[in-house]
Each structure stands twice: as C-alpha cells, then as structure tokens.
Amino acid sequence: MDIATVIGLGLGSALMVLGTISGGLSIMDLIDIPSVMITFGGAAAATIISFPWTSTMAVGTVTKKAFQNPTFDLPNLITTLVSFSEKARREGLLALEDDINELPEEFLKKGIQLVVDGTDPELVRNIMETEISNTAQRHAYGRSWWDAYAGFAPGFGMLGTLVGLVGMLKNLGGGDASAIGQGMATALITTLYGSLAQNLFASPIVRKLTRRSEDELVIKQVMVEGTLSIQSGDNPRIVKEKLASFLTPVERAAMKDDGE
C-alpha cells in the first residue's frame, strides 16, 4: 500500500471536514443527493462516452496502481546486472542462459535472451526501446480515463449550479423559502463537488499514475543499458558506474557502502 496516497486522501478529507465544522456547518449540510448525481454521475457518464467500454472496465485495475508501492528495487536490479556482466566476461554470454528463467521481469528476460542468441546490438536496442515506447503509450492511455474525468467534473459542477439556479428562480415568485434555499444549496454544492472531484481525487490520481509510469520506464531503460553493456563485454566496474547514474545520490552512496 502506498502510504503517501492514503495519507494525502485522508488528510484532504479530514481538512475538508474540519473546515466545514469550523465554519459553523455540519457534514450533512454538504451532502446533497441531486448534486452527487449531477456532478459525479454526469462526469462519469461523459467519461464513459469518451472511451471504449473495455477502458472503463479496466479503470479499477489502473487506479489500483496509484495505491500500490512499486515492486522493483533499482539498486538490486543494478547489482543483478553487474553480476551478469561479471559472469559473461568470465564464462561467456552463453553462460547466462541458465539464469534467464530466474529473472522476475519479462522485459529483462527478453533482452538477455536476445543477447545470448547473438542478436545484433543495434537490433537488441531497437526491440527493447520499441517496447518501452509502447509501454509508455499504454500507460498514458490507461490514465487518460481519470484525466478526462478531471476535466469533466468541474463542468458538471457548473451544470449543477445552473440547474439549482433555475430551480431557485422558478420558485422565487411563489415565495417558497424552503424551495429557494434547496435550489441555492444545489447550485453551490455541485460546484464544490466538481472542484473536489477534480482536485482531491482525479487529478492527483493522474499525477501519481504518471510518476509510477516514469519510474517503470526508468527501470526498463536501466535494463536496456545494462543488457547492451553485458553484450559489449564492458568491465563490470564500468557497468556499475554507468547504471548508478540512474540512482539518487543517497542510493549511490548506499550501493557504494554495500560494495565495500
């Protein structure tokens, strides 16, 4: 579980509640079923229209990634690639074939297998970078559902505002104060809901998924550079220094300490 996502959503919700209570309102004052239907339901409907049904069905799987911690340990990956480099220089590239099936990542398996099979280095790079490009496109398409929702939500909030104003004005001449108050409540709360849907959930989810994608693509790029270095027979120390450039200074220092 990604604690940052949970804390962010919890903190934002808690501050909204505290702000509401501090302003002399109760939580029930901000709950309006017609506003929920217009804002959240309308934004969801518009988003569903914008995408194939398969994308809507997959949105739960995509969203789940924003709440999960990344599974890859980049320093450990670099250590594995350096050990492969040492073995390849000592025993030859064919010696890596026995280790391929133990690798947890299919992308790296494919790269090492291409190397063991004697594939031209330029072709290995092209194959692996093409897959990286396609992965980036799939990720962008996957998070675009929430990106679209974030765009629609404020618009439906404004639409709900107009509906509430129409209801308020319709009852204005009749002097029905309760109806006027209900119309005004719907008018204002839908705008609030639209802003919350965009700024507290949908847009942050898009940003988190973008970061997850960037992290995964960096890991895959490390795999590409490591695979090609192994194929070219680079010195393991050079391989380590090259791949360590992808790490933060703190991670580099930790890896250096572990190696000593």
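The values are calculated or read from the model by the stated rules, or taken from the named source; none is laboratory data. Given the structure is predicted, the values throughout are model-derived calculations rather than measurements. Note: ideal-geometry Cβ built from the backbone for every residue, glycine included; neighbour counts use all protein chains shown. Ligands, DNA and RNA are excluded from the accessible area calculation, which covers all protein heavy atoms including side chains. Shrake-Rupley method; radii C 1.70, N 1.55, O 1.52, S 1.80 Å.
Any residue at all in segment 78-98 that's in contact (Cβ under 8 Å) with a residue 24 or more places away in the chain, within 17 Å of the chain's Cα centre (by Cα) and either open to solvent by less than 30 Å² (accessible area, probe 1.4 Å) or in the same structural domain as Lys220 (by the TED database) (or both)? Scanning segment 78-98 turns up no residue that is in contact (Cβ under 8 Å) with a residue 24 or more places away in the chain, within 17 Å of the chain's Cα centre (by Cα) and either open to solvent by less than 30 Å² (accessible area, probe 1.4 Å) or in the same structural domain as Lys220 (by the TED database) (or both).
Looking across Phe84, Phe72, Phe40, one residue alone is at pLDDT 85 or above, under 30 Å from Lys240 (Cβ atoms) and among the aromatic types (Phe, Trp, Tyr). It is Phe84. Just wondering, is there one or more residues in segment 30-44 that are hydroxyl-bearing (Ser, Thr, Tyr) and in contact (Cβ under 8 Å) with a residue 40 or more places away in the chain? Within segment 30-44 (the criterion being hydroxyl-bearing (Ser, Thr, Tyr) and in contact (Cβ under 8 Å) with a residue 40 or more places away in the chain), the answer is yes, since at least one residue qualifies. Identify all residues within segment 121-156 that are in contact with a helix residue (DSSP H, G or I) (Cβ under 9 Å, 6 or more places away or on another chain) and either acidic (Asp, Glu) or outside the structural domain of Ser232 (by the TED database) (or both); write none if there are none. If the condition is that a residue be in contact with a helix residue (DSSP H, G or I) (Cβ under 9 Å, 6 or more places away or on another chain) and either acidic (Asp, Glu) or outside the structural domain of Ser232 (by the TED database) (or both), then Glu129, Glu131, Asp147 are the ones that fit. If a residue has to be loosely packed, with under 15 Cβ neighbours inside 10 Å and either under 34 Å from the mean Cα position of the chain (by Cα) or of a type in the set (Phe, Trp, Tyr) (or both) to count, how many in segment 100-118 make the cut? Qualifying residue count for the region: 4.
Checked against the criterion of being aromatic (Phe, Trp, Tyr) and open to solvent by less than 40 Å² (accessible area, probe 1.4 Å), segment 150-163 has no qualifying residue.
Here is a yes/no grid of residues against (1) over 24 Å from Tyr141 (Cα atoms); (2) loosely packed, with under 13 Cβ neighbours inside 10 Å:
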position: Ile3; (1), (2): yes, yes
position: Ile7; (1), (2): yes, yes
position: Ala14; (1), (2): yes, yes
position: Leu18; (1), (2): yes, yes
position: Gly24; (1), (2): yes, yes
position: Ala44; (1), (2): no, no
position: Thr47; (1), (2): no, no
position: Pro52; (1), (2): no, yes
position: Thr56; (1), (2): no, no
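Only residues that are open to solvent by 70 Å² or more (accessible area, probe 1.4 Å) and either touching a residue at least 24 places away in the same chain (Cβ under 8 Å) or of a type in the set (A, V, I, L, M, F, W, C) (or both) were counted across segment 58-71, and they come to 4. Taking each residue of segment 125-136 that is surrounded by 14 or more Cβ atoms within 10 Å (Cβ to Cβ) and looking for partners that are among the basic types (Lys, Arg) and at pLDDT below 95 with beta-carbon atoms closer than 9 Å, six or more apart or interchain, yields Ile127/Lys110; Met128/Lys110; Met128/Lys220; Glu131/Lys110; Glu131/Lys220; Ile132/Lys220; Thr135/Lys220. Restricting the search to helices (runs of 4 or more DSSP H) fully inside segment 15-89 and requiring at least 1 residues that are of a type in the set (Lys, Arg) and within 30 Å of Ala254 (Cβ to Cβ) gives 59-64.
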